[in-house]
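Notes follow once the structure below has been shown.
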Amino acid sequence: MTDVGFSATRRLILQGAGAVALVGLGNPLFGLTPVLAAANDKYPEEAFKAKNEADAIKALYGKTAEPSDKVKMDAPEIAENGAVVPISVMTTLADVTSISFLVSENPVVLVASYKIPAGTLPNVANRIKMARTSNVIVVVEAGGKLYSASKEVKVTVGGCGG
Amino acid sequence: MASTIRVRATSSGETTEVQALIQHPMDSGFVKDAKGEIIPAHFIQQLTFEYDGKNVFTADWGGGVSKDPYVKFAFKGGKKGDELKISWVDNKGATDTTTAKIQ
């Protein structure tokens, strides 16, 4: 019995040590250990708790965004069903590293955040929930700066309420 | 069990367009059931796409992404017949992984 307990603990400790070593070594290992590398891309827990867009953007990027007409959002004028609202974004900005979607009136403002590695195009489409009529904000990180676009989407039936 | 992940990856020569549809409840933790009890949060937190050993796209998701989530993106390169690896992990620690051939 004690043997089993011991080896399980030992394995946990070893796994922990492996993870720490991987974080320490950083990027050069990414190509060799894709699964662990993916787990290393930390999930932005705090940003997904923020109750307003300024806090969410700050938690995610640590800076503020300026509006840009180079960020083009495609969203419906009216969404009949707030549970499924198709939103897509494209931009002509260069060196895009991240694209995020926020809904001002949702209980959790940040909906999705996408990491765009070099070689991946800065165009993303997804489907999001909207609690009620609200501004939808797209933030694009390009060349270390943040750019945003915003559009009001009217929601007939909310997708978050009970 | 059948995979929860359906992927279509199409190469146009220069770029590969990827569309993914995943079966997942994506419960936000804010919705009540018929008895008025809160349905606990249960949603995918991270979805990753790898091609040729490299990450080509990572999605960090909250409970605000629609049920049975859909996402579309594209990356430069990608050869027909090559494999794309897709994995997700949710807030309860469940995961699923699949591979899809680029068409």
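Other residues lying with their Cβ under 10 Å from the Cβ of A:Tyr61 contribute a combined charge of +2, Lys and Arg counting +1, Asp and Glu -1.
For B:Thr16, the shell of other residues with beta-carbons less than 14 Å away shows a net charge of +2, using +1 for Lys and Arg and -1 for Asp and Glu. Extents of segment A:47-157, largest first, come to 38, 24, 21 Å (Cα atoms, principal axes, whole angstrom).
Computed on chain B, with alpha-carbon pairs under 8 angstrom and 6+ residues apart, the relative contact order is 33 percent. Straight-line reach from B:Lys101: taking Cα to Cα under 17 Å and skipping same-chain neighbours fewer than 8 places apart, the aspartates and glutamates in range are B:Glu14, B:Glu17, B:Glu50, B:Asp52, B:Asp82, B:Glu83. Karplus-derived 3J(HN,Hα) values for segment A:81-96, using 6.51 cos²θ - 1.76 cosθ + 1.60 with θ = phi - 60°, are 10, x, 6, 9, 10, x, 10, 9, 9, 9, 8, 9, 5, 8, 6, 6 Hz; glycine and proline are entered as x. Under a 5 Å amide H cut-off, with hydrogens placed 1.01 Å from N, B:Ser28 pairs with B:His42 among residues at least 5 apart or on other chains. Distances between placed amide hydrogens fall under 5 Å for A:Val155 paired with A:Ala79, A:Thr133, A:Ser134, all partners being 5 or more residues away or on another chain. Within chain B, the ratio Rg/Rh, alpha carbon atoms throughout and Rh by Kirkwood, equals 1.06. Rounded to whole numbers, the Karplus 3J(HN,Hα) couplings from phi for segment A:100-109 are 10, 10, 10, 10, 3, 8, 6, x, 10, 5 Hz, using 6.51 cos²θ - 1.76 cosθ + 1.60 with θ = phi - 60°, and x at Gly and Pro.
Farthest toward the positive end of the dipole of chain B, out of B:Thr48, B:Val71, B:Thr58, is the Cα of B:Val71, where the dipole comes from beta carbon charges about the Cα centre. Amide H contacts of A:Glu105: A:Asn135, each under 5 Å away and 5 or more positions distant or on a separate chain (H built 1.01 Å from N in the peptide plane; Pro and chain starts excluded).
Positive-end ranking of A:Gly62, A:Met130, A:Pro86 along the dipole of segment A:47-157, with charges on Cβ about the Cα centre, is headed by A:Gly62. Applied to segment B:14-19, the Karplus parametrisation 6.51 cos²θ - 1.76 cosθ + 1.60 on θ = phi - 60° returns per-residue 3J(HN,Hα) values of 8, 10, 10, 9, 10, 10 Hz, with x for Gly and Pro. Taking a straight Cα-Cα cut-off under 12 Å and skipping sequence neighbours fewer than 8 places away in the same chain, the aspartates and glutamates within cross-link reach of A:Lys129 are A:Glu80, A:Glu105, B:Asp27, B:Asp68. Each Lys and Arg contributes +1 and each Asp and Glu -1, all at the Cβ; summed about the Cα centre of segment B:1-69, the dipole is approximately 200 debye.
This ranking places A:Arg132, A:Arg127, B:Arg8 by how few other beta-carbon atoms lie within 10 Å of each, fewest first, which gives B:Arg8, A:Arg132, A:Arg127.
Which entries in the list A:Lys58/A:Lys151; A:Lys70/A:Lys151; A:Lys58/B:Lys32; B:Lys32/B:Lys85 go over 26 Å, if you measure between the two C-alpha atoms of each?
Where the Cα-Cα span goes over 26 Å, the pairs concerned are A:Lys58/B:Lys32; B:Lys32/B:Lys85.
Under unit Cβ charges (Lys, Arg +1; Asp, Glu -1), what dipole magnitude, rounded to 20 debye, does segment A:47-157 have relative to its Cα centre? Intermediate values should be presented prior to the final figure.
On the way: 13 positive and 11 negative charges, 55 e Å.
I would put it at about 260 debye.
Quick note: the coordinates plus some simple rules give every number you see, no bench work behind them. All figures in this text were calculated on a predicted structure; none of them were measured in a lab. Methodologically, a virtual Cβ is constructed for each residue, glycine included, from the backbone with ideal geometry; neighbour enumeration extends over all protein chains shown.
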